[in-house]
Amino acid sequence: MTVRLSKQARREQLLEAAVTVVRTRGADGLTLVTLAEAAGVSRPIVYDHFGTRAGLLIELYRRLDERHKTAIERAVREAAPEVDDIARVVSAAYFACVREMPELAAVSAAVKGTPEMEAVQRELLDGYVELMAAALAPYSTLAPGALRLRCVGVLGAAEALAREDGGEAALTALIVGGIQ
């Protein structure tokens with residue numbers, strides 16, 4: 001007997017199945033058809049939820065990004081109220097997400113260059129910048145606009161450092177040095 005899920009529960013199931021497909025087959029292996037097969041549903045159900053492969057990838061990217069952002073927010077809340085601790089936990093949370101969610105980078109790369117995805121990436125980057133700037137503002141004498149720009153630079157550096165040995169410590173140092 002098949003259990004009928006609510007639309008939201010079905011969407012959650014499909015997005016979790018999409019993460020599994022990306023982990024096992026890579027982002028290139030994720031299509032609406034492969035998702036339907038992996039989730040054990042008909043193709044029209046998947047098309048109804050996402051419309052296109054780009055729509056699926058964008059929703060998956062948003063989901064993974066939200067998990068990443070939540071981990072950083074939690075780390076900042078639990079950190080001691082000192083700049084070194086804030087910088088350390090932000091760096092550690094960023095690198096933990098890179099290690100634990102490699103599919104985020106794969107999904108991001110799969111949809112680069114589409115105007116819709118670029119808008120989504122910009123929106124999500126702005127959210128990270130605001131999160132980081134709010135966490136660091138009490139420890140910085142920079143004007144809000146200048147602090148925001150430094151946070152943009154640090155996040156760009158974080159992406160590059162994620163592939164380097166010692167990147168986490170370097171990111172922590174950049175955060176501390178960049179706001180003073």
Can you list residue pairs whose Cβ atoms sit under 6 Å apart, with the first residue in the range 142-169 being over 27 Å from residue 99 (Cβ atoms) and the second being of a type outside the set (Val, Ile, Thr) and outside any loop (DSSP other than H, G, I, E, B)? Count only pairs 6 or more apart in sequence or on different chains.
147/133; 148/133
If we scan the range 8-29, do we find a residue that is in a helix (DSSP H, G or I), surrounded by 15 or more Cβ atoms within 10 Å (Cβ to Cβ) and of a type in the set (Asp, Glu)?
no
Which of the following residues is over 14 Å from the mean Cα position of the chain (by Cα), under 20 Å from residue 169 (Cα atoms) and buried (at least 18 other Cβ atoms within 10 Å of the Cβ): 93, 80, 87?
87
Based on what the data block shows, is residue 4 surrounded by fewer than 18 Cβ atoms within 10 Å (Cβ to Cβ) and touching a residue at least 60 places away in the same chain (Cβ under 8 Å)?
no
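Go through 18, 39, 54 for me and flag whichever is out of contact with any strand residue (DSSP E or B) (no Cβ under 9 Å at 6 or more places or on another chain) and either free of Cβ contacts under 8 Å to residues at least 40 places away in the same chain or more than 22 Å from residue 114 (Cα to Cα) (or both). Reasoning before the result, please.
Details: 18 fails: either free of Cβ contacts under 8 Å to residues at least 40 places away in the same chain or more than 22 Å from residue 114 (Cα to Cα) (or both); 54 fails: either free of Cβ contacts under 8 Å to residues at least 40 places away in the same chain or more than 22 Å from residue 114 (Cα to Cα) (or both).
Within the list 18, 39, 54, the selection yields 39.
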For the range 130-140, check the following and say yes or no: at least one residue is outside any helix (DSSP H, G or I) and over 15 Å from residue 28 (Cβ atoms).
yes
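With the requirement that a residue be farther than 12 Å from residue 175 by Cα and either surrounded by 12 or more Cβ atoms within 10 Å (Cβ to Cβ) or touching an Asp or Glu at 6+ places or on another chain (Cβ under 7 Å) (or both), what does the range 150-162 give you? I'd like the intermediate steps shown before the answer.
Initially, the range 150-162 is screened for residues farther than 12 Å from residue 175 by Cα, giving 159-162.
Those that are farther than 12 Å from residue 175 by Cα and either surrounded by 12 or more Cβ atoms within 10 Å (Cβ to Cβ) or touching an Asp or Glu at 6+ places or on another chain (Cβ under 7 Å) (or both): 159, 161, 162.
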Somewhere in the range 38-50, is a residue crowded, with 16+ Cβ neighbours inside 10 Å, part of a helix (DSSP H, G or I) and of a type in the set (D, E, K, R)?
no
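What do you reckon, is residue 106 of a type in the set (A, V, I, L, M, F, W, C) and modelled with pLDDT under 90? Break it down stepwise before answering.
Working: of a type in the set (A, V, I, L, M, F, W, C): yes; modelled with pLDDT under 90: yes.
Yes: the conditions hold for residue 106.
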Verdict on residue 78 being outside the structural domain of residue 35 (by TED's automatic domain parsing), in contact with a helix residue (DSSP H, G or I) (Cβ under 9 Å, 6 or more places away or on another chain) and among the acidic types (Asp, Glu)
yes
Restricting the range 51-77 to residues that are under 11 Å from the mean Cα position of the chain (by Cα) and acidic (Asp, Glu), which is surrounded by the most Cβ atoms within 10 Å (Cβ to Cβ)?
65
Of the conditions (1) out of contact with any Ser or Thr (no Cβ under 8 Å at 6 or more places or on another chain); (2) part of a helix (DSSP H, G or I); (3) not basic (Lys, Arg), residue 81 satisfies every one except a single condition; which number is it?
(2)
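For the range 137-154, which positions are hydrophobic (A, V, I, L, M, F, W, C) and either at pLDDT 95 or above or more than 14 Å from residue 88 (Cα to Cα) (or both)?
First pass over the range 137-154, keeping only residues hydrophobic (A, V, I, L, M, F, W, C): 137, 142-143, 146-147, 149, 151-152, 154.
137, 142, 143, 146, 147, 149, 151, 152, listed by residue number.
The values are calculated or read from the model by the stated rules, or taken from the named source; none is laboratory data. These numbers come from a predicted model, not from an experiment. Positions of Cβ are generated from backbone atoms using ideal geometry, with glycine treated the same way; all protein chains shown enter the neighbour counts.
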